[in-house]
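Read the figures in this text as sums done on the coordinates, not as results from a lab. The shown structure was predicted, so the numbers you read here are calculated from the model rather than taken from an experiment. A quick note on method: Cβ atoms are made from the backbone with ideal geometry, for glycine too, and the neighbour counts reach across all protein chains shown.
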Amino acid sequence: MLRTIELEGTPRERGWCHGQILGAEIRQVRRALLAYLARLSLYAGAWPIFGGLLILARRFLPYIPNHLKQEMAAVAAGAQVSLGTVLLINVTDDLANNTPRCSALAVGEDLTADGAYLMGRNLDYPLFIDILIQLQTLFHLEPDQGQPLASLAWPGYLGVCTGMNKAGVALAQLSAMSRDRTLQGMPAALRFRLGLEAGATAAEVAATVQSLPGTIGNSLMLCDPREALVLELSARQRAWRRPRAGLITATNHYQSPAMQALKGRFPPRPPYSVLPSYHFTEAYSQGRDRRLQELASDRRLGPSDLQPILADAEVANAGTAVCAIFAPSQKTLWVARGEAPPVNRGLFAAKKLWG
């Protein structure tokens, strides 16, 4: 069963509740990170590297809005961990320049029975797969200001990389390798949360996100009942892509002509990753994108049809820790509940987010 946590009230109230309920799991996440760093350091132990990461993470603090800093501090207090630990959980992808491998598609118009858009996404992570699957949590957020939203994430995570707001805008964050990156900006998933809180359409969410200072490369897929788009982002540049014949796809490389000059090198395989080196190449990203196009073109699709597309052997992999499908017009989410990667080879649980 998909664990769901309801968080409402002021930032401090939401954060304290989050930390109190999930404190043991937040400490488990910290232990997993320390264990990995210890394997990397061999002789020095984990703490020198962990301390260095905390110093880097603090560079984002001036760019994080006060209400989110208050929520983070309350999570830390409720969980009995340091603020630095919670901050690090929320900026790891920004520091690592987006090591996840991800795939997403949205279909609508003539490709769905009623013309309304559907969206599906895989989140493929190279490390910590077991803990990501085990601790996956659906957060229902009722902020004191802005749109209520649902975020499929993990203990201690305040941003949104997979989620939908009550207005019916679904969001999926995908990494994009970019030469234009900086630590002087708002962490990506926190920007995306602010976008969902502010916007009632995919275009409004995109406009909010692109108005905020960026950090790294991303392709942000957004989908409401009548519109889908991909907002390609670097630290300072952005470009929009629209569907063709009711289909839009994204993996981990820029596709907009305006962003080609900013393409960066794909990172090497992290030590002890479950994925082979080929999965850290643009060729693998392009291959997944072509396969999504092949599988989704020229036929009518419903939510159950997106499940085998995302589970296809050329799309999913040993790092697929999250798979979610959204029907924004129905305010409904389907989450893969497989206990081993790729999780979308298992059953899906349906969740009506709002009536």
* Could you give the size of the charge dipole of segment 1-118 about its Cα centre, using +1 on the Cβ of each K and R and -1 on the Cβ of each D and E, expressed in debye and rounded to the nearest 20? => 840
* Rounded to 5, percent antiparallel among DSSP beta bridges of the chain -> 90
* Asked: Which whole-percent values make up P(r) of segment 3-94 when all C-alpha to C-alpha distances are grouped in 5 Å steps starting at zero?
  -> 3, 14, 22, 23, 19, 11, 6, 2, 1, 0
* To do: Take every Cα-Cα distance within segment 120-196, group them into 5 Å bins from 0 onward, and report for each bin the whole-number percent of pairs it holds.
  => 3, 13, 23, 25, 18, 12, 5, 0
* **Ratio of the Cα radius of gyration of segment 167-317 to 2.2 N^0.38 Å, where N counts its residues** => 1.06
* Structure fact -> The alpha-carbon center of segment 107-133 and that of segment 248-267 are separated, in whole Å, by 19
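Pull out the extension gain between ASP110 and GLU142, defined as 0.36 nm times the separation in residues minus the alpha carbon to alpha carbon distance; nm, one decimal. All intermediate terms of the calculation are to be shown ahead of the outcome.
Details: separation 32, 0.36 × 32 = 11.52 nm, distance 3.46 nm.
Extending this stretch completely gives an extra 8.1 nm.
With 39 Å as the cut-off, how large is the P(r) tail for the chain, expressed as percent of Cα-Cα pairs? Mind dumping the intermediate values first?
Working: 4367 of 62835 pairs.
Percent of Cα pairs beyond 39 Å in the chain: 7.
Quick one: order SER273, SER151 by neighbouring beta-carbon count within 10 Å, fewest to most.
The order, fewest Cβ neighbours first, is SER273, SER151.
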* Structure fact -> If every Lys and Arg gets +1 and every Asp and Glu gets -1 at its Cβ, then about the Cα centre the chain yields a dipole, in debye to the nearest 20, of 740
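Give the order of GLU142, GLU232 when sorted by the count of other beta carbons within 10 angstrom, beginning with the fewest.
Working: GLU142 14, GLU232 25.
Neighbour counts put them in this order, fewest first: GLU142, GLU232.
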* Quick one: give the max-minus-min coordinate of the C-alpha atoms of segment 157-209 along each principal axis, largest first, in Å. => 34, 23, 18
* Residues HIS18, HIS67, sorted so that the one with the fewest Cβ neighbours within 10 Å comes first -> HIS67, HIS18
* Quick one: Cα centre-to-centre distance for segment 316-344 and segment 1-59, in angstrom? -> 24
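Let me check against my output: what whole-number percent is the relative contact order of the chain, with C-alpha pairs under 8 Å and at least 6 apart?
Values: 848 pairs, mean separation 64.8, N = 355.
18 percent.
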* Asked: Any idea what diffusion coefficient segment 194-261 gets from Stokes-Einstein, in µm²/s, Kirkwood Rh on alpha carbon pairs, 20 °C, 1.002 mPa s?
  -> 175
* Asked: Across the chain, where is the longest run that never hits chymotrypsin sites (Phe, Trp or Tyr not before Pro) in a DSSP loop with at most 16 other C-beta atoms within 10 Å?
  -> 44-271
* Structure fact -> Diffusion coefficient in µm²/s returned for segment 101-256 by Stokes-Einstein, Kirkwood Rh over C-alpha pairs, 20 °C and 1.002 mPa s, is 137
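Please report Rg over Rh for segment 241-355, where both radii come from the alpha carbon positions and Rh follows the Kirkwood definition.
Working: Rg = 15.8 Å, Rh = 15.9 Å.
Reported Rg/Rh, Kirkwood definition of Rh: 0.99.
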